[in-house]
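Report on one structure; see the data block that follows.
Values quoted throughout were computed directly from the atomic coordinates according to the rules given, and no laboratory measurement underlies them. Computed from a prediction, not measured in an experiment: that's the story for all the values here. As a convention, Cβ positions derive from the backbone with ideal geometry for all residues, glycine included, and neighbour counts pool all protein chains shown.
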Amino acid sequence: MVIPAKAGIQFLFSMMNKKTKSYKKILIDIYNTLYKAFGPQHWWPGETPFEVAVGAILTQNTNWGNVEKAINNLKNSKVLDANVLHQMPHKELASLIKPAGYFNIKAKRLKHFLAFLANHYKGRVERMQNEDTHMLRHRLLEVNGIGPETADSILLYALDKPVFVIDAYTKRVLARHRIISEKATYHEIQGLFHKNLLMDVKLFNEYHALFVMAGKHYCKPKPRCDECPLRDI
């Protein structure tokens with residue numbers, strides 16, 4: 001399937017003939033290559049859907065190691081509960097999540113999400129499960145501080161909804177292989193996966209995690225192309 005250009009954005013293959021290699025084929029080749037190189041990733045770290053949702057908000061603009069420290073603070077204080085955190089003063093919450101960075105901003109974002117959860121789902125992430133994915137995504141995006149990547153991370157990893165998460169690693173890998181333009185939008189990149197792969201939770205979960213591994217180890221700002229498992233893709 002060929003995805004039409006939108007708003008001047010053109011999806012391109014890298015050093016391959018469009019007539020002989022489809023988007024579906026190249027995406028499957030990338031997945032298989034990365035899976036062979038890194039193996040299963042078992043994402044997302046989190047014991048409950050609520051913990052996963054909190055982690056998705058805290059991981060904005062930081063690394064997972066810092067998020068783990070913040071979540072451990074919440075666990076050790078026995079406050080990793082939607083209703084407890086909703087009632088907690090902003091200053092106390094900000095102090096507990098300080099390791100995640102931008103703690104005042106993230107405390108506000110968490111508070112907005114907690115209010116949304118309390119007002120619409122009685123403080124339980126699990127109550128979102130039966131909602132239509134498109135409508136739920138729209139509602140999450142209306143919560144102050146939740147953008148597409150965070151919303152999709154909650155949908156995929158906390159609620160097992162088949163939504164592909166696009167992050168900086170994914171965009172960097174695809175752009176460097178000229179599968180997408182560097183100016184491609186989040187929606188356009190996500191559409192590449194939704195239109196060409198099975199809408200499967202396990203596949204999307206694993207694929208996103210594998211892109212993260214490729215980005216961390218090889219497709220860095222200063223890339224290590226000669227060592228990358230995708231060098232021949």
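May I ask you to derive the relative contact order of the chain, considering only C-alpha pairs under 8 Å and at least 6 residues apart, and to give it as an integer percent?
27 percent
For the charge dipole of the chain, defined by +1 on Lys and Arg C-beta atoms and -1 on Asp and Glu C-beta atoms about the Cα centroid, which residue among L96, A151, L27 has the Cα displaced farthest towards the positive pole?
L27
Give the angle, between 0 and 90 degrees and rounded to the nearest 10, that separates the Cα long axis of helix 186-196 from the longest principal axis of the Cα atoms of the chain.
60 degrees
Please report, in whole Å³, the volume per residue of the convex hull around the C-alpha atoms of the range 109-174.
86 Å³
Points 7 angstrom from Cα along the Cβ direction at H90 and T185: gap in nanometres?
My value for the distance between the label points is 3.2 nm.
If you average 1/r over every pair of different alpha-carbon atoms in the chain and take one over that average, what Kirkwood value in Å do you get?
18.8 Å
For the pairs K24/K122; K69/K111; K75/K195; K25/K106; K98/K202; K36/K161, flag any whose C-alpha to C-alpha distance is greater than 30 Å.
Result: K24/K122; K75/K195; K25/K106; K98/K202 exceed 30 Å.
Relative contact order of the range 49-158: what whole-number percent is it, with Cα pairs under 8 angstrom and at least 6 residues apart?
33 percent
Using unit Cβ charges (K, R positive; D, E negative) and no other charged atoms, how large, in debye to the nearest 20, is the dipole of the range 49-158 about its Cα centre?
For this selection, approximately 420 debye.
Which residues does a label at A115 reach in the range 70-94, if reach means a backbone N under 20 Å from a point 7 Å past the Cα toward the Cβ?
81-94
Choose one of N205, C219, Q190: the residue whose Cα lies farthest towards the positive end of the charge dipole of the range 171-233 (beta-carbon charges +1 Lys, Arg; -1 Asp, Glu; about the Cα centre).
Positive-most Cα among the choices belongs to C219.
Which value, in debye to the nearest 20, describes the size of the charge dipole of the chain about its Cα centre when Lys and Arg Cβ atoms bear +1, Asp and Glu Cβ atoms bear -1, and nothing else is charged?
Its charge dipole is roughly 600 debye.
Would you work out the Kirkwood radius for the range 49-158? I mean one over the mean of 1/r across all pairs of different Cα atoms, in Å.
Hydrodynamic radius (Kirkwood, Cα only) of the range 49-158 equals 13.7 Å.
Which GluC sites (Glu not before Pro) in the range 37-107 sit in a loop by DSSP (not H, G, I, E or B) and have at most 14 other Cβ atoms within 10 Å of their own Cβ?
Passing sites in the range 37-107 are E47.
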